[in-house]
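The values are calculated or read from the model by the stated rules, or taken from the named source; none is laboratory data. None of these values were measured; they are calculated from a predicted model. Methodologically, a virtual Cβ is constructed for each residue, glycine included, from the backbone with ideal geometry; neighbour enumeration extends over all protein chains shown. Accessible surface is based on the protein model in full, side chains and every heavy atom, while ligands, DNA and RNA are left aside. Shrake-Rupley method; radii C 1.70, N 1.55, O 1.52, S 1.80 Å.
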Amino acid sequence: MPLAVFLFQGQSEVPDLQLVYRPYSDVATSGMLIGGMYLFPTLRLAFARVDPESPDHSDPRMVSTVVMLFIVTGAVSFLLTGLTSGGHWQENVDGAFTNPAFLPIKYAANVARNAVFAVLLYRVTRGEMTVGSALLAGLVLALVDLFTTFNRITAVYLLIMAMLLMKHRPIRMMLATIASLIGLSAFSTLWPAFRGLATAQGYSASAFSEAWSAARRAQELAPGSLAASLDGIFESSNIAVLNWIVQSYGTVERPFLQFAMFARPVTLLLPGAVWPSRPENFGLFLGEGIAHMPSLALNSTLYGESYANFGWFWPLGLCAFVLLWHNVYRLIAPNARVVQMMGAFAAIAMWRFDASFVGCAALLTGGPVCGLWLVRISRFKSAGQFYFIAAAGLVSIGLMAEQVR
(Lines give C-alpha, C1' and ligand atoms only; values in the text may rest on other atoms or scores of the structure.)
Protein backbone atom coordinates (compact mmCIF):
# COMPACT_ATOMS: atom_id res chain seq x y z
CA MET A 1 0.00 0.00 0.00
CA PRO A 2 2.76 2.54 0.74
CA LEU A 3 4.44 1.72 -2.57
CA ALA A 4 1.17 2.24 -4.47
CA VAL A 5 0.77 5.65 -2.83
CA PHE A 6 4.37 6.62 -3.55
CA LEU A 7 3.96 5.60 -7.20
CA PHE A 8 0.90 7.85 -7.36
CA GLN A 9 2.52 10.80 -5.57
CA GLY A 10 5.89 10.47 -7.28
CA GLN A 11 8.03 10.60 -4.14
CA SER A 12 8.29 9.99 -0.40
CA GLU A 13 10.20 12.16 2.05
CA VAL A 14 11.45 11.57 5.59
CA PRO A 15 12.37 15.10 6.72
CA ASP A 16 13.82 14.03 10.08
CA LEU A 17 16.39 11.84 8.32
CA GLN A 18 16.71 14.01 5.20
CA LEU A 19 15.85 11.05 2.99
CA VAL A 20 13.87 11.12 -0.25
CA TYR A 21 12.65 8.18 -2.31
CA ARG A 22 11.52 8.90 -5.88
CA PRO A 23 10.10 5.65 -7.31
CA TYR A 24 10.44 6.65 -10.97
CA SER A 25 14.09 7.72 -10.70
CA ASP A 26 15.18 5.31 -7.95
CA VAL A 27 14.21 2.40 -10.18
CA ALA A 28 16.59 -0.06 -8.49
CA THR A 29 14.71 0.27 -5.19
CA SER A 30 11.33 0.17 -6.94
CA GLY A 31 12.40 -2.98 -8.76
CA MET A 32 13.39 -4.61 -5.47
CA LEU A 33 10.04 -3.82 -3.89
CA ILE A 34 7.96 -4.99 -6.84
CA GLY A 35 10.07 -8.07 -7.55
CA GLY A 36 10.13 -8.98 -3.88
CA MET A 37 6.36 -9.46 -3.95
CA TYR A 38 6.91 -12.57 -6.09
CA LEU A 39 9.97 -13.89 -4.24
CA PHE A 40 8.27 -15.83 -1.45
CA PRO A 41 5.32 -17.14 -3.49
CA THR A 42 7.90 -18.52 -5.94
CA LEU A 43 9.95 -20.01 -3.11
CA ARG A 44 6.77 -21.54 -1.67
CA LEU A 45 6.27 -23.62 -4.83
CA ALA A 46 9.49 -25.52 -4.13
CA PHE A 47 8.49 -26.66 -0.63
CA ALA A 48 5.38 -28.60 0.24
CA ARG A 49 3.11 -27.44 3.00
CA VAL A 50 2.71 -29.54 6.11
CA ASP A 51 -0.24 -31.86 5.51
CA PRO A 52 -3.13 -30.42 7.56
CA GLU A 53 -4.27 -33.99 8.26
CA SER A 54 -0.92 -34.99 9.78
CA PRO A 55 -0.93 -35.70 13.53
CA ASP A 56 -0.22 -32.74 15.80
CA HIS A 57 2.20 -33.63 18.58
CA SER A 58 2.28 -30.22 20.27
CA ASP A 59 2.71 -30.29 24.03
CA PRO A 60 -0.54 -28.91 25.48
CA ARG A 61 1.47 -26.96 28.09
CA MET A 62 3.27 -24.94 25.40
CA VAL A 63 0.44 -22.42 25.16
CA SER A 64 0.37 -21.67 28.89
CA THR A 65 4.18 -21.58 28.95
CA VAL A 66 4.30 -18.89 26.26
CA VAL A 67 1.54 -16.84 27.89
CA MET A 68 3.31 -17.06 31.25
CA LEU A 69 6.59 -16.05 29.62
CA PHE A 70 4.86 -13.04 28.09
CA ILE A 71 3.37 -11.98 31.42
CA VAL A 72 6.51 -12.50 33.50
CA THR A 73 9.04 -10.95 31.11
CA GLY A 74 6.71 -8.05 30.36
CA ALA A 75 6.04 -7.35 34.03
CA VAL A 76 9.70 -7.58 35.06
CA SER A 77 10.79 -5.44 32.13
CA PHE A 78 8.18 -2.81 33.05
CA LEU A 79 9.26 -2.75 36.71
CA LEU A 80 12.93 -2.42 35.78
CA THR A 81 12.18 0.67 33.66
CA GLY A 82 10.82 2.46 36.72
CA LEU A 83 7.85 3.84 34.79
CA THR A 84 5.64 3.29 37.83
CA SER A 85 7.33 6.38 39.28
CA GLY A 86 6.94 8.41 36.09
CA GLY A 87 9.42 9.82 33.61
CA HIS A 88 9.78 9.74 29.82
CA TRP A 89 9.36 6.17 28.56
CA GLN A 90 12.42 6.26 26.28
CA GLU A 91 14.71 7.82 28.89
CA ASN A 92 13.56 5.25 31.43
CA VAL A 93 14.24 2.38 29.04
CA ASP A 94 17.70 3.75 28.23
CA GLY A 95 18.43 4.06 31.94
CA ALA A 96 17.24 0.50 32.60
CA PHE A 97 19.96 -0.86 30.32
CA THR A 98 22.50 -0.04 33.02
CA ASN A 99 21.05 -3.05 34.86
CA PRO A 100 22.64 -6.19 33.31
CA ALA A 101 19.44 -8.18 33.93
CA PHE A 102 17.33 -5.83 31.82
CA LEU A 103 18.98 -6.68 28.51
CA PRO A 104 18.04 -10.38 28.17
CA ILE A 105 14.65 -9.86 29.80
CA LYS A 106 13.77 -7.06 27.38
CA TYR A 107 14.68 -9.18 24.37
CA ALA A 108 12.82 -12.19 25.75
CA ALA A 109 9.75 -9.99 26.19
CA ASN A 110 10.13 -8.85 22.57
CA VAL A 111 9.97 -12.48 21.41
CA ALA A 112 7.18 -13.43 23.82
CA ARG A 113 4.88 -10.61 22.67
CA ASN A 114 5.21 -12.01 19.16
CA ALA A 115 4.74 -15.68 20.10
CA VAL A 116 1.71 -15.12 22.33
CA PHE A 117 -0.47 -14.25 19.32
CA ALA A 118 0.72 -17.38 17.54
CA VAL A 119 -0.42 -19.60 20.41
CA LEU A 120 -3.82 -17.86 20.52
CA LEU A 121 -4.21 -18.59 16.81
CA TYR A 122 -3.17 -22.18 17.48
CA ARG A 123 -5.85 -22.64 20.12
CA VAL A 124 -8.53 -21.49 17.67
CA THR A 125 -7.35 -23.92 14.98
CA ARG A 126 -7.50 -26.71 17.57
CA GLY A 127 -11.08 -25.84 18.47
CA GLU A 128 -10.04 -24.97 22.04
CA MET A 129 -11.02 -21.31 21.73
CA THR A 130 -13.55 -19.38 19.67
CA VAL A 131 -12.53 -16.63 17.28
CA GLY A 132 -14.24 -14.04 19.49
CA SER A 133 -12.46 -15.27 22.63
CA ALA A 134 -9.10 -15.21 20.85
CA LEU A 135 -9.67 -11.66 19.62
CA LEU A 136 -10.75 -10.52 23.08
CA ALA A 137 -7.75 -12.18 24.74
CA GLY A 138 -5.46 -10.69 22.09
CA LEU A 139 -6.94 -7.24 22.64
CA VAL A 140 -6.37 -7.47 26.41
CA LEU A 141 -2.77 -8.63 25.92
CA ALA A 142 -2.14 -5.88 23.35
CA LEU A 143 -3.52 -3.19 25.67
CA VAL A 144 -1.44 -4.43 28.59
CA ASP A 145 1.68 -4.41 26.45
CA LEU A 146 0.80 -1.06 24.91
CA PHE A 147 0.58 0.69 28.27
CA THR A 148 3.66 -0.96 29.75
CA THR A 149 6.04 -0.65 26.80
CA PHE A 150 4.36 2.14 24.78
CA ASN A 151 5.24 0.11 21.69
CA ARG A 152 2.54 -0.28 19.03
CA ILE A 153 3.81 -3.50 17.53
CA THR A 154 1.45 -5.74 19.53
CA ALA A 155 -1.45 -3.90 17.87
CA VAL A 156 0.02 -4.97 14.52
CA TYR A 157 0.37 -8.59 15.70
CA LEU A 158 -3.25 -8.49 16.84
CA LEU A 159 -4.37 -7.21 13.43
CA ILE A 160 -2.40 -9.93 11.63
CA MET A 161 -3.86 -12.60 13.90
CA ALA A 162 -7.36 -11.28 13.21
CA MET A 163 -6.76 -11.37 9.45
CA LEU A 164 -5.53 -14.97 9.66
CA LEU A 165 -8.55 -15.96 11.75
CA MET A 166 -10.87 -14.55 9.09
CA LYS A 167 -8.95 -15.65 5.99
CA HIS A 168 -11.71 -18.09 5.01
CA ARG A 169 -14.24 -15.23 5.07
CA PRO A 170 -12.65 -12.78 2.63
CA ILE A 171 -15.43 -10.16 2.66
CA ARG A 172 -15.49 -9.99 6.45
CA MET A 173 -11.70 -9.92 6.53
CA MET A 174 -11.56 -7.08 4.00
CA LEU A 175 -14.13 -4.98 5.87
CA ALA A 176 -12.43 -5.59 9.21
CA THR A 177 -9.03 -4.73 7.73
CA ILE A 178 -10.28 -1.45 6.24
CA ALA A 179 -11.92 -0.47 9.52
CA SER A 180 -8.78 -1.39 11.46
CA LEU A 181 -6.52 0.59 9.14
CA ILE A 182 -8.71 3.68 9.47
CA GLY A 183 -8.65 3.35 13.25
CA LEU A 184 -4.91 2.67 13.33
CA SER A 185 -4.27 5.70 11.14
CA ALA A 186 -5.98 8.05 13.60
CA PHE A 187 -4.41 6.31 16.58
CA SER A 188 -0.89 6.23 15.15
CA THR A 189 -0.79 9.96 14.41
CA LEU A 190 -1.64 10.69 18.05
CA TRP A 191 0.53 8.04 19.62
CA PRO A 192 4.04 9.60 19.37
CA ALA A 193 2.93 12.75 21.18
CA PHE A 194 0.86 10.78 23.68
CA ARG A 195 3.57 8.35 24.74
CA GLY A 196 6.06 11.19 25.16
CA LEU A 197 3.74 12.85 27.71
CA ALA A 198 1.89 9.87 29.21
CA THR A 199 4.21 9.17 32.15
CA ALA A 200 5.92 12.55 32.50
CA GLN A 201 3.77 13.43 35.54
CA GLY A 202 3.55 9.89 36.89
CA TYR A 203 1.94 6.62 35.86
CA SER A 204 -1.80 7.08 36.39
CA ALA A 205 -5.09 7.22 34.53
CA SER A 206 -5.31 10.99 35.03
CA ALA A 207 -1.83 11.45 33.55
CA PHE A 208 -2.85 9.35 30.54
CA SER A 209 -6.01 11.43 30.09
CA GLU A 210 -4.09 14.70 30.17
CA ALA A 211 -1.49 13.38 27.74
CA TRP A 212 -4.19 12.21 25.33
CA SER A 213 -5.91 15.61 25.43
CA ALA A 214 -2.58 17.36 24.80
CA ALA A 215 -1.82 15.02 21.88
CA ARG A 216 -5.20 15.76 20.32
CA ARG A 217 -4.68 19.51 20.66
CA ALA A 218 -1.27 19.17 19.02
CA GLN A 219 -2.79 17.17 16.17
CA GLU A 220 -5.43 19.83 15.55
CA LEU A 221 -2.72 22.48 15.23
CA ALA A 222 -0.42 20.42 13.02
CA PRO A 223 -1.36 19.86 9.37
CA GLY A 224 -2.18 16.24 8.60
CA SER A 225 -0.55 14.41 5.72
CA LEU A 226 -1.00 11.12 3.94
CA ALA A 227 2.71 10.35 4.41
CA ALA A 228 2.39 10.67 8.19
CA SER A 229 -0.66 8.39 8.23
CA LEU A 230 1.10 5.77 6.13
CA ASP A 231 4.20 5.88 8.28
CA GLY A 232 2.14 5.53 11.44
CA ILE A 233 0.52 2.31 10.18
CA PHE A 234 3.11 0.72 7.90
CA GLU A 235 6.36 2.45 8.95
CA SER A 236 6.64 3.39 5.30
CA SER A 237 9.74 5.50 6.07
CA ASN A 238 11.56 2.14 5.99
CA ILE A 239 11.29 2.27 2.19
CA ALA A 240 13.29 5.51 2.13
CA VAL A 241 15.89 3.86 4.38
CA LEU A 242 16.00 0.90 1.98
CA ASN A 243 16.61 3.33 -0.87
CA TRP A 244 19.54 4.82 1.05
CA ILE A 245 21.03 1.33 1.44
CA VAL A 246 20.75 0.65 -2.29
CA GLN A 247 22.47 3.95 -3.04
CA SER A 248 25.17 3.70 -0.35
CA TYR A 249 26.30 0.07 0.00
CA GLY A 250 28.75 -1.60 -2.34
CA THR A 251 31.14 1.38 -2.35
CA VAL A 252 34.67 1.74 -1.00
CA GLU A 253 33.33 3.58 2.04
CA ARG A 254 30.58 1.00 2.70
CA PRO A 255 31.46 -2.43 1.29
CA PHE A 256 28.88 -5.20 1.38
CA LEU A 257 28.62 -7.00 4.73
CA GLN A 258 28.73 -10.41 3.03
CA PHE A 259 27.48 -13.11 5.44
CA ALA A 260 26.99 -10.92 8.53
CA MET A 261 23.21 -11.54 8.58
CA PHE A 262 23.89 -15.29 8.81
CA ALA A 263 26.54 -14.88 11.49
CA ARG A 264 24.64 -12.55 13.82
CA PRO A 265 21.79 -14.92 14.83
CA VAL A 266 24.13 -17.88 15.41
CA THR A 267 26.43 -15.89 17.70
CA LEU A 268 23.77 -16.30 20.38
CA LEU A 269 25.83 -19.02 22.06
CA LEU A 270 29.18 -17.34 21.49
CA PRO A 271 30.49 -15.15 24.34
CA GLY A 272 31.50 -11.66 23.27
CA ALA A 273 34.98 -12.22 24.69
CA VAL A 274 35.56 -15.03 22.16
CA TRP A 275 34.70 -12.90 19.11
CA PRO A 276 34.90 -9.20 20.02
CA SER A 277 34.40 -8.12 16.38
CA ARG A 278 31.31 -10.21 15.75
CA PRO A 279 28.56 -8.56 13.61
CA GLU A 280 26.65 -5.80 15.34
CA ASN A 281 23.02 -4.77 15.14
CA PHE A 282 22.26 -3.72 11.56
CA GLY A 283 19.67 -1.16 12.65
CA LEU A 284 22.31 0.65 14.73
CA PHE A 285 24.62 0.69 11.70
CA LEU A 286 21.87 2.50 9.80
CA GLY A 287 21.19 4.93 12.64
CA GLU A 288 24.84 5.93 12.76
CA GLY A 289 25.27 6.04 8.97
CA ILE A 290 22.12 8.06 8.21
CA ALA A 291 21.45 10.17 11.31
CA HIS A 292 24.95 10.01 12.87
CA MET A 293 23.33 8.70 16.06
CA PRO A 294 24.96 5.45 17.26
CA SER A 295 22.07 4.71 19.64
CA LEU A 296 19.36 5.08 16.97
CA ALA A 297 18.14 1.85 15.34
CA LEU A 298 16.47 2.23 11.94
CA ASN A 299 14.52 -0.37 10.00
CA SER A 300 14.80 -1.05 6.29
CA THR A 301 12.22 -3.78 5.53
CA LEU A 302 13.26 -7.40 5.12
CA TYR A 303 15.16 -6.54 1.94
CA GLY A 304 17.51 -3.88 3.34
CA GLU A 305 19.80 -6.13 5.37
CA SER A 306 19.87 -8.70 2.55
CA TYR A 307 20.99 -6.08 0.02
CA ALA A 308 23.61 -4.70 2.42
CA ASN A 309 25.05 -8.21 2.67
CA PHE A 310 24.79 -9.54 -0.87
CA GLY A 311 24.13 -6.63 -3.23
CA TRP A 312 22.13 -7.71 -6.27
CA PHE A 313 22.42 -11.32 -5.16
CA TRP A 314 20.13 -10.40 -2.26
CA PRO A 315 17.25 -12.70 -3.42
CA LEU A 316 19.55 -15.74 -3.20
CA GLY A 317 20.92 -14.68 0.17
CA LEU A 318 17.48 -13.91 1.59
CA CYS A 319 15.97 -17.18 0.34
CA ALA A 320 18.88 -19.13 1.85
CA PHE A 321 18.42 -17.28 5.14
CA VAL A 322 14.69 -17.96 5.25
CA LEU A 323 15.15 -21.64 4.38
CA LEU A 324 17.83 -22.01 7.04
CA TRP A 325 15.53 -20.83 9.82
CA HIS A 326 12.56 -22.62 8.26
CA ASN A 327 14.48 -25.86 8.78
CA VAL A 328 15.61 -24.83 12.27
CA TYR A 329 11.96 -24.52 13.32
CA ARG A 330 11.17 -27.86 11.68
CA LEU A 331 14.03 -29.43 13.67
CA ILE A 332 12.85 -27.91 16.95
CA ALA A 333 9.57 -29.83 16.77
CA PRO A 334 8.76 -31.24 13.31
CA ASN A 335 5.28 -32.42 14.22
CA ALA A 336 4.20 -29.66 16.62
CA ARG A 337 1.73 -27.30 14.99
CA VAL A 338 2.10 -24.71 17.74
CA VAL A 339 5.83 -24.41 17.00
CA GLN A 340 5.09 -24.03 13.29
CA MET A 341 2.75 -21.13 14.06
CA MET A 342 5.32 -19.53 16.35
CA GLY A 343 7.82 -19.81 13.50
CA ALA A 344 5.36 -18.14 11.12
CA PHE A 345 4.89 -15.19 13.48
CA ALA A 346 8.65 -14.91 13.96
CA ALA A 347 8.96 -14.71 10.16
CA ILE A 348 6.37 -11.92 10.08
CA ALA A 349 8.39 -10.00 12.69
CA MET A 350 11.51 -10.29 10.51
CA TRP A 351 10.01 -7.52 8.36
CA ARG A 352 10.39 -5.23 11.36
CA PHE A 353 13.54 -6.44 13.14
CA ASP A 354 17.06 -7.29 12.07
CA ALA A 355 18.38 -10.82 11.48
CA SER A 356 19.16 -11.44 15.15
CA PHE A 357 15.45 -11.54 16.07
CA VAL A 358 14.85 -14.92 14.48
CA GLY A 359 17.82 -16.35 16.40
CA CYS A 360 16.36 -15.07 19.67
CA ALA A 361 12.93 -16.40 18.72
CA ALA A 362 14.24 -19.85 17.79
CA LEU A 363 16.22 -20.10 21.02
CA LEU A 364 13.30 -19.00 23.16
CA THR A 365 11.09 -21.51 21.33
CA GLY A 366 13.56 -24.37 21.54
CA GLY A 367 14.26 -23.87 25.25
CA PRO A 368 10.68 -24.48 26.46
CA VAL A 369 10.14 -27.24 23.87
CA CYS A 370 13.20 -29.06 25.16
CA GLY A 371 12.20 -28.44 28.78
CA LEU A 372 8.68 -29.77 28.23
CA TRP A 373 10.05 -32.84 26.44
CA LEU A 374 12.37 -33.63 29.34
CA VAL A 375 9.49 -33.17 31.75
CA ARG A 376 7.39 -35.65 29.77
CA ILE A 377 10.05 -38.36 29.92
CA SER A 378 10.93 -37.63 33.54
CA ARG A 379 9.15 -38.52 36.74
CA PHE A 380 9.02 -35.01 38.15
CA LYS A 381 6.03 -34.14 40.26
CA SER A 382 3.95 -31.10 39.35
CA ALA A 383 6.08 -28.66 41.34
CA GLY A 384 9.26 -30.11 39.90
CA GLN A 385 7.86 -29.83 36.39
CA PHE A 386 7.11 -26.14 36.92
CA TYR A 387 10.60 -25.37 38.19
CA PHE A 388 12.23 -27.36 35.41
CA ILE A 389 10.27 -25.57 32.67
CA ALA A 390 11.03 -22.23 34.31
CA ALA A 391 14.72 -23.15 34.42
CA ALA A 392 14.68 -24.00 30.70
CA GLY A 393 13.18 -20.60 29.94
CA LEU A 394 15.76 -18.83 32.12
CA VAL A 395 18.61 -20.67 30.40
CA SER A 396 17.26 -19.53 27.01
CA ILE A 397 17.04 -15.94 28.24
CA GLY A 398 20.54 -16.12 29.64
CA LEU A 399 21.94 -17.39 26.37
CA MET A 400 20.26 -14.50 24.54
CA ALA A 401 22.10 -12.03 26.73
CA GLU A 402 25.36 -12.87 24.98
CA GLN A 403 23.96 -11.88 21.61
CA VAL A 404 22.49 -8.53 22.60
CA ARG A 405 25.33 -7.47 24.93
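Residues that are among the polar types (S, T, N, Q), open to solvent by less than 90 Å² (accessible area, probe 1.4 Å) and within 30 Å of ALA134 (Cβ to Cβ) number at least 1 in the following helices (runs of 4 or more DSSP H) confined to segment 15-98: 61-81.
Residues being in a helix (DSSP H, G or I) and open to solvent by 20 Å² or more (accessible area, probe 1.4 Å): count how many of those fall in segment 330-341. Going through segment 330-341 one residue at a time, the tally reaches 6. Of the residues making up segment 117-147, those that are in contact with a helix residue (DSSP H, G or I) (Cβ under 9 Å, 6 or more places away or on another chain) and under 25 Å from ALA205 (Cβ atoms) are LEU135, ALA137, GLY138, LEU139, LEU141, ALA142, LEU143, VAL144, ASP145, LEU146, PHE147.
Among the residues making up segment 342-388, those that are modelled with pLDDT under 80, of a type in the set (A, V, I, L, M) and either open to solvent by 50 Å² or more (accessible area, probe 1.4 Å) or not in a helix (DSSP H, G or I) (or both) are ILE377, ALA383.
Can you say whether TYR157 is open to solvent by less than 10 Å² (accessible area, probe 1.4 Å), touching a helix residue (DSSP H, G or I) at 6+ places or on another chain (Cβ under 9 Å) and among the hydroxyl-bearing types (Ser, Thr, Tyr), as far as the supplied structure shows? So TYR157 fits the description; yes. Residues satisfying the criterion are present in segment 110-117 (criterion: part of a helix (DSSP H, G or I), modelled with pLDDT of 90 or more and in contact with an Asp or Glu (Cβ under 8 Å, 6 or more places away or on another chain)). Any chance segment 125-132 includes a residue that's outside any helix (DSSP H, G or I), modelled with pLDDT of 85 or more and closer than 25 Å to LEU79 by Cα? No: zero hits.
Contact map, segment 255-267: first residue without any contact (Cβ under 8 Å) to a residue 60 or more places away in the chain, second residue surrounded by fewer than 17 Cβ atoms within 10 Å (Cβ to Cβ) and part of a helix (DSSP H, G or I), Cβ cut-off under 6 Å, separation 6 or more or different chains; pairs are PHE256/GLY311. Somewhere in segment 109-124, is a residue open to solvent by 60 Å² or more (accessible area, probe 1.4 Å) and more than 19 Å from PHE357 (Cα to Cα)? Yes - at least one qualifying residue is present in segment 109-124. Within the set VAL5, VAL20, VAL50, the sole residue that is in contact with a strand residue (DSSP E or B) (Cβ under 7 Å, 6 or more places away or on another chain) and either modelled with pLDDT of 85 or more or β-branched (Val, Ile, Thr) (or both) turns out to be VAL20.
If you go through segment 284-301 and keep only what is surrounded by fewer than 18 Cβ atoms within 10 Å (Cβ to Cβ) and of a type in the set (A, V, I, L, M), you end up with LEU284, ALA291, MET293, LEU296, ALA297. For segment 172-190, the criterion of being assigned to a helix (DSSP H, G or I), among the charged types (D, E, K, R) and either buried (at least 16 other Cβ atoms within 10 Å of the Cβ) or touching a helix residue (DSSP H, G or I) at 6+ places or on another chain (Cβ under 6 Å) (or both) is satisfied by no residue at all.
Only one of the numbered conditions (1) open to solvent by less than 50 Å² (accessible area, probe 1.4 Å); (2) touching a helix residue (DSSP H, G or I) at 6+ places or on another chain (Cβ under 9 Å) is violated by TRP312, and that is (1). Here ALA101, ALA162 are screened, and the one residue that is under 29 Å from MET62 (Cβ atoms) and surrounded by fewer than 19 Cβ atoms within 10 Å (Cβ to Cβ) is ALA101.
The set of residues in segment 142-154 that are surrounded by fewer than 22 Cβ atoms within 10 Å (Cβ to Cβ) and of a type in the set (A, V, I, L, M) comprises LEU143, VAL144, LEU146, ILE153.
Cβ-Cβ contacts under 9 Å between residues 6 or more apart (or on different chains), taken from a first residue in segment 57-85 that is among the acidic types (Asp, Glu) to a second residue that is open to solvent by 40 Å² or more (accessible area, probe 1.4 Å) and modelled with pLDDT under 90, are listed as ASP59/TRP373; ASP59/ARG376.
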